[in-house]
Amino acid sequence: MANKYQRVDFRDQIAKNKLSSFFLIIIIFIVFVLLGYVISLAFDPGYFFIIMIFTIIISIAYILISYYNSANIAVASVGAKEAPREQYKEYYNLVEGLAIASGLPMPKLYVMPSMNINAFATGRNPKNAIICVTEGALEKLDKRELEGVLAHELSHVANYDMRYMTLVAVMVGMVAILSQLFLRSLWLRSGNDREGRGDAIFILIGIVLAILAPVAVQLVQLAISRRREYAADASAVKFTRYPPGLINALKKIGKENQPEKKVPKAVSHLFFSNPFKGWGSTHPPIEKRIEILERM
């Protein structure tokens, strides 16, 4: 029970979660190399390198297109509109204060038509950042609670989480593409007599890895996303120096939020809280986030 009530320094929490994210991305890289190595043992090494290069090019090209258009895609997919300053003065004042405190440029502000309490940040770098909140967040949260949520979202910008998660997505994509290419190539090689000369064991191992590896790296990707949420919570405390604001906002979300049908699952990981009850696990449990924040 002693650990439950032990105080946590937000600086230690930020460093711990960033280190965990680094080790998790190393795991994805190891899975990719291991899968590639087994395929090289099963097939001709030259053939393997062609597949690897092809995999990397396709994955990077696809993700970069999404990366450079991420902000526009995100706001369009949820029907968000740019927030007029004259209508949302408190919203602007809070973000401007947090931007000064964090040393970041002022992001563009959007409002999403939903009565759920939620928010998200996106954009490839701080100069192109966007923060979007729901109408429900603006209406149901008091000033300190809204400040805590906005500080959390600005923390994602400050921590370059969009860039980091894009790197993770590239690596996860490479594993998925490599697995698919390997499995499909087996149909083309089914008549090759080389498979009867001792390579069958490596092909069997390759098949098992090609099936399991994409699932494994997606689980790691979810774990990285959860680590980044914990880090953003801690960074929000760094910016506001007031944990109760974020804690109370999370408590309201835990009591009120219903499944958000308007949010595409492809962008659900961007949000302050998971828009889908019981769907995936890109976010840590609200109770766990509150427990850690209460110790700061």
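Since every read-out is calculated from the coordinates, none of them should be taken as a lab result. All figures in this text were calculated on a predicted structure; none of them were measured in a lab. So basically every Cβ, Gly included, is an ideal-geometry build from the backbone, and we count neighbours across all protein chains shown.
As an exercise, use a Förster radius of 41 Å and the Cβ-Cβ distance of residue 108 and residue 33 to find the FRET efficiency, rounded to the nearest 0.05.
FRET efficiency, residue 108 to residue 33: 0.55.
Beta carbons within 10 angstrom, averaged per residue: use that to sort the peptides 245-256, 112-123, 200-211, 78-89, highest first.
Going from most to least packed, we get 112-123, 245-256, 200-211, 78-89.
Assuming R0 = 22 Å, what is the FRET efficiency of residue 53 and residue 208, from their Cβ-Cβ distance, to the nearest 0.05?
Once the sixth-power term is evaluated, E becomes 0.35.
Sort 169-178, 33-42 by packing, meaning the average of other beta carbons within 10 Å per residue, with the highest value first.
Ranking, from highest mean packing down: 169-178, 33-42.
Quick check on region 75-158: of the DSSP beta bridges with both residues there, what percent are antiparallel, nearest 5%?
Counting DSSP beta bridges with both partners in region 75-158, the antiparallel share is about 55 percent.
Could you calculate the FRET efficiency of residue 15 with residue 167 from 1/(1 + (r/R0)^6), where r is the beta carbon distance between them and R0 is 22 Å, rounded to 0.05?
After rounding, the FRET efficiency stands at 0.70.
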